[in-house]
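Take a look at the structure set out below.
The values are calculated or read from the model by the stated rules, or taken from the named source; none is laboratory data. Here the structure is a predicted model, which is why all the values come from computation and not from measurement. Cβ placement follows ideal geometry from the backbone for every residue including glycine, while neighbour counts extend to all protein chains displayed.
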Ligand SMILES: [Zn+2]
């Protein structure tokens with residue numbers, strides 16, 4: 001029984017459980033699968049990949065079911081703290097990347113606007129598709145425009161200049177390494 005007036009927070013309890021679920025052995029196994037390059041480079045995941053190009057790692061078996069976690073979410077949790085069930089986004093738009101320096105928590109549009117007002121850099125936002133939270137750094141329109149201009153044989157450098165999107169991102173989008181879902 002809880003004392004009168006007390007409130008229970010099952011979700012906080014759950015989060016506390018989750019942040020302590022990684023054993024040292026798991027953490028060692030996890031980082032052995034990450035190609036940790038320079039501080040500013042992408043750190044690609046060298047093991048299993050999901051259909052959406054995110055790295056994934058086997059955490060445990062529960063009631064006969066395999067529990068996998070997304071690698072970039074694990075990297076975020078280990079180096080930066082709990083994700084509080086928010087989406088973990090990449091500033092580099094590179095799904096398999098596990099460099100904590102490239103990872104940030106996606107917030108809802110309103111929060112991003114708020115951050116913007118405070119003069120902090122807005123690098124992405126969360127949107128919802130089929131009831132699931134996703135990270136968006138560039139809008140679907142921008143992605144489609146990049147591909148359209150490329151089909152018209154516009155040079156990548158020119159696309160980059162016109163739309164204000166870094167050339168590496170333009171290359172990724174054209175090669176469909178990122179944003180494949182916007183056909
Ligand atoms: Zn990266």
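Here is how the numbers come out for the structure above:
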{"item": "Residue match in segment 7-21 (condition: modelled with pLDDT of 85 or more and surrounded by 12 or more Cβ atoms within 10 Å (Cβ to Cβ))", "result": "no"}
{"item": "Listing of strands (runs of 3 or more DSSP E) fully contained in segment 38-103 that carry 2 or more residues being in the same structural domain as residue 27 (by TED's automatic domain parsing), within 14 Å of the chain's Cα centre (by Cα) and surrounded by 18 or more Cβ atoms within 10 Å (Cβ to Cβ)", "result": "65-70, 88-90"}
{"item": "Residue list for segment 38-57, restricted to those being within 16 Å of the ligand (Cβ to nearest atom) and free of Cβ contacts under 8 Å to residues at least 12 places away in the same chain", "result": "38"}
{"item": "Scope segment 81-95; condition within 8 Å of the ligand (Cβ to nearest atom) and under 14 Å from residue 70 (Cβ atoms); matching residues", "result": "90, 94"}
